[in-house]
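Visitor: Pasting a structure here, questions to come.
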Amino acid sequence: MNRPDALDTPIHVLEKRRKAALAALGQGVLVLPAAPIQFASRDGERPYHPDRELFYLTGATELGTLAVLIGGAEPRLVMFVRERDAEAELWRGMRLGPEGAAERFRPDECHPLGELGARVPDLLRAADRIFYRLGRGDEIERHVMEALAHRRARGARTGTGPRAIVDPSEILDDLRLVKDAHELALLRRAAEVTVAGHRAAAAAIAAGEGEWSVEAALHSAFRTGGAGGPGYETIVGSGANACVLHYVENTSVIGQGALVLVDAGAEFGLYNGDVTRTYPAGGRFTGAARDVYDIVEAARRAAVAAVRPGTPIAGVHATATRVLVEGLVALGALQGRVDDLIASEAHKPFYPHQTAHWLGLDVHDPGDYARAGVSRALEPGMVLTVEPGLYFRPDHPATPDRLAGIGVRIEDDVAVTAAGCEVLTHELPTSSAEVEALVPSAKGR
Ligand code: GLY
Ligand code: MN
Ligand code: MN
C-alpha cells in the first residue's frame with residue numbers, strides 16, 4: 001500500500017476533472033470498471049494494480065467499483081461499489097460500501113454493485129455513444145453490447161440509443177496529459193522518494209556486490225519513503241548488461257571499475273518517478289566510459305533546456321540526438337556529416353530509443369505524441385522524462401573495440417512550466433564529478 005493519505009484525492013480536484021470529462025462527453029456515457037485481479041499462479045494474486053482512469057475521475061481504488069459518467073441534460077456520476085461483508089472483510093480488509101464510497105468520493109448517486117443489472121441498461125440506452133474499453137468480456141461488457149443491440153432493434157421508434165462504442169482514451173488521455181496542482185504535488189513526492197532510492201543504490205555499488213543488492217537498497221528506500229514500491233521493474237545493469245535496454249534480471253556481480261546503469265522509480269500515491277543514473281563502481285569514471293558519460297550528460301542538459309511551452313516533443317528528441325551524434329563522431333563510432341548521419345538515423349545502433357515519454361499515473365503515461373503527423377507542442381502542466389543514452393553492444397558489428405560494453409543513460413523527470421520547466425528530480429546530481437561522489441570510492445573500502 002501507499003501511505004494512505006497519498007491516495008486521498010480532494011473532492012474539489014475530482015469535481016474539476018469530472019466536469020471536464022462531462023464537457024467532452026456530449027450526450028455520451030463513460031463506463032469505467034475497476035481493474036480485475038491478476039493471478040500469478042493458481043490462486044496466487046499479483047499485487048493489485050488499480051485502474052488509473054477510474055482513480056483519476058472518481059478517486060476510487062477498490063476492486064469491484066464501477067463508475068458511470070453520464071453526459072447530456074442531466075450530467076451526473078453514478079457509482080456502484082461492493083456492499084460491506086464481514087466475512088469477506090475478515091480476509092481482504094475493509095470495504096467502503098455504498099455509504100462510505102458516497103461520503104468519500106461524492107458521486108451524484110452510489111449504489112450497491114448488486115443493483116448494476118437493474119440500473120445500468122437504462123443508463124446506457126439513453127446515450128448516443130458509449131465510452132468503454134472493449135475486451136473484458138464480463139458482465140458490464142454484456143450490458144454495453146446489449147445497449148447497442150437494443151438501439152438496432154428498437155431505436156428507430158424513438159431515435160435514441162447508442163450507435164458507437166468509443167475507447168475512453170479519446171476523452172481521458174488529453175485530460176491526463178496536463179497535470180493539475182494535486183498531481184504535480186504527488187509527482188514531486190514520487191520524484192523525491194525516487195531520488196532517495198537512487199542515493200541508497202549508489203551507496204551500495206561496489207565491485208564484488210550483486211546487482212540484486214543494489215536493487216534491494218532501492219526498494220527498501222522506496223518503502224521507507226512511503227512509496228507503494230517500484231513503479232516498474234527495476235533495472236540494475238552492470239558492465240555490458242547496461243546495453244540491454246530492459247535488463248531486469250539483476251543477477252550479475254558488479255565488476256571492478258564497471259559502470260552500473262540503474263533505472264528505477266518509486267510509485268507514490270499511484271504517481272510514478274522514472275529515473276536513470278549510471279554510476280561508476282569504485283567512484284571514478286575513467287577512459288572511454290568518462291567520454292561517453294560526458295556526451296550523454298551534455299545531451300541531457302541540452303534536451304532539458306529545450307523543454308518549454310511551444311517546443312514540440314519531437315524537438316526534445318531532436319536536440320538530444322544532435323548532441324549524441326556529434327559525440328559519436330568525436331568518439332569515432334560514426335563518420336560523416338552530422339546532418340547526414342541524423343537524416344539516415346546512423347545513430348540507431350547506439351541510440352535506439354526516444355528521449356522523452358509522458359509520465360504520471362502510468363510510467364509511460366497516455367497521450368498522443370503527434371496529431372495528424374504533427375508533433376505535440378509542450379504545454380504548462382505536461383510532465384515528461386528526458387532520457388538520452390548511448391549503448392555500445394559488444395556483439396554489434398558497428399561497435400568500436402574501445403567502446404565495447406559501455407552503456408550509459410541519464411534520465412530525469414521534468415514538468416513543463418509557463419517559464420520553461422521544473423526538473424522534478426534535480427536533487428539527484430547528473431554531472432560526472434557529483435555522480436562519482438555518490439558512490440563509495442574503491443580506496444575507501
Ligand atoms: N524505465 C522505463 C523507461 O525509462 O521508460
Ligand atoms: Mn526509466
Ligand atoms: Mn523513462
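The values are calculated or read from the model by the stated rules, or taken from the named source; none is laboratory data. Only a predicted model underlies this, so the values are computations on that prediction, with no experimental measurement involved. Virtual Cβ from ideal backbone geometry, glycine too; neighbours counted across all protein chains shown. The accessibility values were calculated without ligands, DNA or RNA, using every heavy atom of the protein model including side chains. Shrake-Rupley method; radii C 1.70, N 1.55, O 1.52, S 1.80 Å.
Visitor: Does Glu427 count as out of contact with any Ser or Thr (no Cβ under 6 Å at 6 or more places or on another chain), open to solvent by 40 Å² or more (accessible area, probe 1.4 Å) and touching a residue at least 24 places away in the same chain (Cβ under 8 Å)? Outline the logic, then answer.
Guide: Values: out of contact with any Ser or Thr (no Cβ under 6 Å at 6 or more places or on another chain): yes; open to solvent by 40 Å² or more (accessible area, probe 1.4 Å): yes; touching a residue at least 24 places away in the same chain (Cβ under 8 Å): yes.
Considered against the rule, which asks whether it is out of contact with any Ser or Thr (no Cβ under 6 Å at 6 or more places or on another chain), open to solvent by 40 Å² or more (accessible area, probe 1.4 Å) and touching a residue at least 24 places away in the same chain (Cβ under 8 Å), Glu427 comes out as yes.
Visitor: When you go through (1) touching a helix residue (DSSP H, G or I) at 6+ places or on another chain (Cβ under 6 Å); (2) among the hydrophobic types (A, V, I, L, M, F, W, C); (3) within 16 Å of ligand 2 (Cβ to nearest atom) one by one for Trp358, which number turns out not to apply?
Guide: (1)
Visitor: Could you list, in sequence order, all residues of the range 1-16 that are assigned to a helix (DSSP H, G or I), of a type in the set (D, E, K, R) and at pLDDT below 95?
Guide: Across the range 1-16, the qualifying residue is only Asp5.
Visitor: Of the numbered conditions (1) surrounded by 17 or more Cβ atoms within 10 Å (Cβ to Cβ); (2) within 30 Å of Phe131 (Cβ to Cβ), Ala164 satisfies every one except a single condition; which is it?
Guide: Status for Ala164: all satisfied but (1).
Visitor: Tally time: how many residues in the range 316-349 are in a helix (DSSP H, G or I) and open to solvent by less than 60 Å² (accessible area, probe 1.4 Å)?
Guide: 16
Visitor: Further question: Out of all the residues in the range 194-206, is one or more within 27 Å of Ala21 (Cβ to Cβ), out of contact with any Lys or Arg (no Cβ under 8 Å at 6 or more places or on another chain) and not aliphatic (A, V, I, L, M)?
Guide: no
Visitor: Taking into account only those residues within the range 350-388 that are β-branched (Val, Ile, Thr) and surrounded by fewer than 22 Cβ atoms within 10 Å (Cβ to Cβ), which is farthest from ligand 1 (Cβ to nearest atom)?
Guide: At the first step, the residues of the range 350-388 found to be β-branched (Val, Ile, Thr) are 355, 363, 374, 383, 385-386.
With surrounded by fewer than 22 Cβ atoms within 10 Å (Cβ to Cβ) added as a condition, the list becomes 363, 374.
Working: Val363: 6, Val374: 24 Å.
Ranking the qualifying residues of the range 350-388, first place goes to Val374.
Visitor: Which ranges mark the helices (runs of 4 or more DSSP H) fully within the range 17-136 that have 1 or more residues being open to solvent by less than 20 Å² (accessible area, probe 1.4 Å)?
Guide: Per the criteria, 52-58, 97-105, 116-125.
Visitor: Give the range 222-256 a look and list any residue that's away from ligand 3 (no atom under 16 Å from the Cβ), assigned to a loop (DSSP other than H, G, I, E, B), in contact with a strand residue (DSSP E or B) (Cβ under 6 Å, 6 or more places away or on another chain) and of a type in the set (S, T, N, Q), or say none. Walk me through it before giving the result.
Guide: Within the range 222-256, the first condition is being away from ligand 3 (no atom under 16 Å from the Cβ), and the residues that meet it are 222-229, 238-241, 243, 249-256.
Next, from what is left, pick out any that are assigned to a loop (DSSP other than H, G, I, E, B): 225-228, 249-252, 254-256.
Pick out the ones that are also in contact with a strand residue (DSSP E or B) (Cβ under 6 Å, 6 or more places away or on another chain) and you get 227-228, 250, 252, 254.
Matches in the range 222-256: Asn250, Ser252.
Visitor: Same structure again: Restricted to the range 396-418, and to residues that are more than 14 Å from Val292 (Cβ to Cβ) and of a type outside the set (D, E, K, R), which residue is nearest to ligand 1 (Cβ to nearest atom)?
Guide: Once the filter is applied, the top-ranked residue is Val414.
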